[in-house]
Each structure stands twice: as structure tokens, then as C-alpha cells.
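Taking it in order: structure first as C-alpha cells, then the write-up.
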Amino acid sequence: MKKFLILIPCFLLSEAGAQELQAAPAEKMNIIKTNVTAYAFRNINLSYERAINQWFSLNIGFGTMTQGKVPFINAFLKDEDEKRFQNLRVKATNFTIEPRFYIGRGYGRGFYFAPYYRYSDVSSNSFDFYYDYNAVDGNTYQIPLKGQGSTSGNSGGLMVGVQFFLTRSQNLVLDFWIAGAHYGSGKGDFIMTSNYVLTPEMQAQLKQEIENLDIPFVDYTVETNANGAKVKVDGPWAGFRSGLSIGYRF
């Protein structure tokens, strides 16, 4: 009888513990987000994050920038060079695979380190370009050309960020990309054609004009012929990431 009376509290405690475990809510492992700061640059984007365990998750993102002016074009072209590209418009897409390693509370919450791979593609409209040809007769002639092309790049990088759950239900998510940078290689071609038949002297000056643009973070070579020029992009591909995403956790 005494043994029976001793077992009753133990049984009740074990039952209460089991009910408590059953009542504990399961972690929500999925988050859908969009980087709201990117919309200022016409970048429509969506990402999906899946928690694998407490400290590790996988984030996959896609973004597309609708056709428009090149963002910050005046930051890497001189004013006189920018005027040559008045009607240049570009569009871009990117795809990112990003494993995340969380420190702290985890399951998608807290500070994280994220090595990532990114594929990017950029293409242009049919744009106007001109250069001033200094002829042997002492006169200067403006030579117009039409350009169009595309380039793509593969790169890898590292981002540091922090993610918060904003509501008691832990459904609303704020993801702050503190800083990230990536580096890789890119390839592409831009073709520029003229209605004029370019002489060797005209070709030489056109080649020099394009090379003097000195666009940063991009390596390119210029080939000219009687119809115009071909700009081959083949070299480093770099970028920087920062932003603020809002998401829903389920």
C-alpha cells in the first residue's frame, strides 16, 4: 500500500510532464520574405528560407530588375561620358543560394553568417552612342552608333545579418542584411554598329574612346571593324549586398 501511494505522485508528475511536452508548440520552419529596400532600385524579389535544424537553414532568393536607367551611372562615368548613354536602359535578374549558420536562439532567429552563390544576368536595350572623330582635315565629326548586348556572372560571397521575430505569434519576420560582398567572373558581348563605313583611323579612335571609359570593377576588351565595335566582357564580377526584408513565418 505504501509503495502504491508513493507511485501515485510519480505517475501524476510524469503525466503532467508529458502533457507539457505535447502542449509545447512545434517550431515553424518556413519563411517567405521580400527585400523592401530593393524596390527603390526597381528590383522585384522574393526569397524562401527553410530551417533544417536550430542552427542551420537554407535561403533561396530570386530577383528581377525591370528595364530602366542604370542605377548610380554617374558614380562610375564622367559627366561627358554619361551624356553619350542618355537612352541606355538595362534589366537584370539574379538567383542566390545561401546557407545560413545561426548563433544564439536559432530556428531562423538571431545573428547569422551566410556564405552564398549568386548568378546574375544583365542585358541592355538598343541604345545610342556617339564619339567625336578628329579627321586629318582638322575638322571634328560626330559618329553615331547603335549598341546592344548582355553579360552574366557567377560569384560567391559572404553576408552577415540578423533576423528578428516581431510578434508574439512569431509569424512576422524582419531580416536585416548588415553587409555582404561577392566576387567572381563574368562574360558577355556588346555590339555597336554604325551606318558609316569606318576607316582604319576612325576605328582606332573609336577603340580608344571606348577603352577610355574605364568602367570600374569590369574588365573588357574592344575590337573594331568597318561596321563598328565589339566589346567583350571577360573578367572580375563583384557586388555588395545590404538591405531590409519583411517576411512571414509558417
Task: Any pair with Cβ under 7 angstrom, 6 or more apart, that starts in segment 139-153 at a residue that is farther than 22 Å from Gly188 by Cα and ends at one that is open to solvent by less than 80 Å² (accessible area, probe 1.4 Å) and among the aromatic types (Phe, Trp, Tyr) - done: Thr140/Tyr133; Tyr141/Tyr133; Gln142/Tyr130; Ile143/Tyr130; Ile143/Tyr131; Ile143/Tyr133; Pro144/Tyr130
- [ ] Would you please list the contacts, defined by Cβ atoms under 9 Å and residues six or more apart or on different chains, that run from a residue in segment 209-223 that is of a type in the set (S, T, N, Q) to a residue that is open to solvent by 80 Å² or more (accessible area, probe 1.4 Å)?
- [x] Thr221/Asp234
Open item on the list: I'd like to check which strands (runs of 3 or more DSSP E) are fully inside segment 53-162 and have at least 3 residues that are open to solvent by 20 Å² or more (accessible area, probe 1.4 Å) and touching a helix residue (DSSP H, G or I) at 6+ places or on another chain (Cβ under 9 Å).
Closed with: 127-134
Open item on the list: Glu27 - would you say it is surrounded by fewer than 18 Cβ atoms within 10 Å (Cβ to Cβ) and assigned to a loop (DSSP other than H, G, I, E, B)?
Closed with: yes
Task: All positions within segment 67-95 that are touching a strand residue (DSSP E or B) at 6+ places or on another chain (Cβ under 6 Å), in contact (Cβ under 8 Å) with a residue 24 or more places away in the chain and within 17 Å of Thr151 (Cα to Cα) - done: Gln67, Leu88, Arg89, Val90, Lys91, Ala92, Thr93, Asn94, Phe95
Open item on the list: Can you report the number of residues in segment 71-94 which are closer than 13 Å to Asn43 by Cβ and either hydrophobic (A, V, I, L, M, F, W, C) or touching a Lys or Arg at 6+ places or on another chain (Cβ under 9 Å) (or both)?
Closed with: 5
Open item on the list: What's the number of the only condition in (1) open to solvent by less than 50 Å² (accessible area, probe 1.4 Å); (2) under 14 Å from Thr151 (Cα atoms); (3) modelled with pLDDT of 90 or more that Gly180 fails to meet?
Closed with: (2)
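The values are calculated or read from the model by the stated rules, or taken from the named source; none is laboratory data. These numbers come from a predicted model, not from an experiment. FYI the Cβ positions are ideal-geometry reconstructions off the backbone, even for glycines, and counts take in every protein chain you see. For accessibility, only protein heavy atoms count, side chains too; no ligands or nucleic acids. Shrake-Rupley method; radii C 1.70, N 1.55, O 1.52, S 1.80 Å.
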